1. Are there trypsin sites (Lys or Arg not before Pro) in segment 84-190 that DSSP marks as loop and that have at most 12 other Cβ atoms within 10 Å, and which are they?
2. Can you tell me, using C-alpha contacts under 8 Å and at least 6 residues apart, the relative contact order of the chain as a whole percent?
3. Based on Cβ point charges of +1 for Lys and Arg and -1 for Asp and Glu, what charge dipole magnitude is obtained for segment 97-240 about its Cα centre, in debye rounded to the nearest 20?
4. Residues in segment 162-183, backbone N under 11 Å from the label point at H35 (7 Å along the Cα-to-beta-carbon vector): list them, ranges by number please.
5. Which angle from 0 to 90°, rounded to the nearest 10, does the C-alpha axis of helix 65-77 make with the longest principal axis of the chain?
6. What number, rounded to the nearest 500 deg cm²/dmol, is the helix-based mean residue ellipticity at 222 nm of the chain, given -39500 (n - 2.57) per DSSP H run of at least four residues and division by all its residues?
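Laboratory data are not the source of any read-out in this text; all were calculated from the coordinates shown. Note that the structure is a prediction, hence the values are computed from the model and not measured. A quick note on method: Cβ atoms are made from the backbone with ideal geometry, for glycine too, and the neighbour counts reach across all protein chains shown.
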Amino acid sequence: MHLLHPPPTGDLMTGQVTTGEITVEDAYAAPLGSHTDRPWLSLSMVASLDGSTVVAGRSGGLANRNDAAILSRLRSLADVIIVGSGTVRAEGYGPPRKRGQRIGVVTGSGRIDPTTELFTSGSGFVITTESTRLDEAARAIEVVRAGRDGVDLRAALVGLHAIVPHVVTVQAEGGSTLNGSLLGADLVDEINVTTAPLAVGGHGPRLATGDDVAHRYELAQLALDDDGYTFARWRRSAGG
């Protein structure tokens, strides 16, 4: 990948100039920050030029080798992954590769399939409201409950300590409704977005849907690969 921002630095007179080449490991060496009162939340998505996050209902049709490597790298930095139940079904989520990592499935309805390997492996848990009733088959699954009429995502993030005691970093992976709710609650500290050089049309979801918000982010890093994919890292601006 070629690093575009921050721009290459060095001294042309001495020849000590960086080339702008960067590896996935160096480009995504660590989260962009941390909090003392709640976990740092990073959103990771891939989108087309016209804003869709799926092709034929799945994100894989937009990704390339570098995007897949970046997603894997970002997952390795997270203690917990949170994802909407619809995305879990559509993308076929299974147990994570990182030892000890947990995946929280966000659902307001409580409709999950406890027989999938995500849950039978003990990796998956549920994030839902205080009043949501789970099927008897799902009652052995660990649950974080927050909110009455809808999932209180801020309280749920703090409540993750009951599942993973030393959680520092959480990665959100969609879908668009969950992303929109996280943005609406101003919980997204970092956005890592791959833009595929494809226009796909259709009626696929955007990166986030929900109430209008206007939270400002600052560009922390921008890279480009030989396939024309761009990889941006954005940090929530302290200014508004």
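1. Answer in residue order: R97, R99, R133, R139, R148.
2. 27 percent
3. Values: 15 positive and 18 negative charges, 70 e Å.
That gives a dipole near 340 debye.
4. 169-170
5. 60 degrees
6. Numbers: 6 runs with 44 residues, N = 240.
Value at 222 nm, helices only, nearest 500: -4500 deg cm²/dmol.
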